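Notes for the one structure printed next.
The values are calculated or read from the model by the stated rules, or taken from the named source; none is laboratory data. These numbers were taken from a predicted model, which means no experiment stands behind them. Backbone-built Cβ (ideal geometry, glycine too); neighbour counts: all protein chains shown.
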Amino acid sequence: MLNQTMVNPGSMRQPAPRFRAPLPIVRPQPSTNSIELMGAPMPFARNAEIYGENEPAEYLYKVISGTVRTYKVLNDGRRQIGFFYLPGDVFGLEVGDKHSFSAEAIADCKVLVIKRSSVIALAARQTDVSRQLWEMTATELRRVQDHIMLLIKTAQERVAGFLLEMAARTPGCTEIELPMSRQDIADYLGLTIETVSRTLTHLENTSAIAVPTSRRIVLRNRAALTRMNG
């Protein structure tokens, strides 16, 4: 049973500005086979909603700068974060015609907005675009599978696994600057914020990590974290 933050669905929306500029009309460029070149960049302020759960899934999105979180508010008010999307990540891929999660900007960010129907139409004509779309879908499926496996582990394994995951997404770095809050991490891992903080303190006391600030984590013993991750 996941110990997640109890969230009042109505109050959780308050920090997020409800106004969103109209999405651009994006038409495919016949001379290109790159999905990215079909999009238009749009800025989103901190906590701004990019799309909401059950809204029509008319666009695909790629993070240019900043970080995006996807989440779902459960019937009992708990919030479950699906994933954190960093620069270069594509999100908004859906099986059906509506979004199953909501998406918000964690901090000020810029997102490339791509018309879904245009991508599908171009993919039917160009194999390179079809391959790109397949790779995006496969990447998203792997993220979902990895998250499911993470949620069945112990609290220490979840936190260690999360730190290793974030480090893997910034190759060559032993120091991670986390763009998300401790509460976001807790809702991603299915833990309470107290458990996340307590586990980070334990990892610091065992010299597996150092925590210079609440958002900065230094991986001092990656091998120990890997063992803890199971």
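Can you confirm whether residue 214 is closer than 26 Å to residue 79 by Cβ, outside any helix (DSSP H, G or I) and small (Gly, Ala, Ser)? Quick ask: steps written out before the conclusion?
Working: closer than 26 Å to residue 79 by Cβ: yes; outside any helix (DSSP H, G or I): yes; small (Gly, Ala, Ser): yes.
Yes: the conditions hold for residue 214.
What's the total number of residues in segment 123-146 that are within 20 Å of residue 62 (Cα to Cα) and out of contact with any strand residue (DSSP E or B) (no Cβ under 6 Å at 6 or more places or on another chain)? Give the derivation first.
Taking segment 123-146 and keeping what is within 20 Å of residue 62 (Cα to Cα), we get 123, 128-144.
With the extra rule that they be out of contact with any strand residue (DSSP E or B) (no Cβ under 6 Å at 6 or more places or on another chain), the set shrinks to 123, 128-135, 137-142, 144.
The qualifying residues number 16.
For residues in segment 127-173 being under 19 Å from residue 83 (Cβ atoms) and acidic (Asp, Glu), which is surrounded by the fewest Cβ atoms within 10 Å (Cβ to Cβ)?
Taking the candidates together, the pick is 135.
Can you tell me how many residues within segment 209-221 are surrounded by fewer than 17 Cβ atoms within 10 Å (Cβ to Cβ) and either hydrophobic (A, V, I, L, M, F, W, C) or within 23 Å of the chain's Cα centre (by Cα) (or both)?
Number of matching residues: 7.
Residue pairs, Cβ under 7 Å, 6 or more apart or interchain, first in segment 95-108 and surrounded by 14 or more Cβ atoms within 10 Å (Cβ to Cβ), second of a type in the set (Ser, Thr, Tyr) and not in a loop (DSSP other than H, G, I, E, B). List them.
99/51; 101/70; 101/71; 102/51; 102/70; 102/71; 103/51; 103/70
Go through segment 61-119 and tell me which strands (runs of 3 or more DSSP E), entirely inside it, have 1 or more residues that are modelled with pLDDT under 95, more than 19 Å from residue 136 (Cβ to Cβ) and hydrophobic (A, V, I, L, M, F, W, C).
Details: elements: 68-73, 79-85, 102-105, 109-115.
Qualifying strands (runs of 3 or more DSSP E): 68-73.
Residues being in contact (Cβ under 8 Å) with a residue 12 or more places away in the chain and either more than 23 Å from the chain's Cα centre (by Cα) or in a loop (DSSP other than H, G, I, E, B) (or both): count how many of those fall in segment 199-208.
Adding up the residues that qualify gives 5.
So residue 89 clears everything in (1) of a type in the set (D, E, K, R); (2) in contact with a Gly (Cβ under 7 Å, 6 or more places away or on another chain); (3) surrounded by 18 or more Cβ atoms within 10 Å (Cβ to Cβ) except one condition, right? Which one?
Status for residue 89: all satisfied but (2).
Only one of 131, 143, 116, 169 is without any contact (Cβ under 8 Å) to a residue 12 or more places away in the chain and basic (Lys, Arg); which?
131
Just to check your reading of the model, which residue among 138, 186, 167 is out of contact with any Ser or Thr (no Cβ under 8 Å at 6 or more places or on another chain) and either closer than 17 Å to residue 209 by Cα or in a helix (DSSP H, G or I) (or both)?
Matching residue, one of 138, 186, 167: 138.
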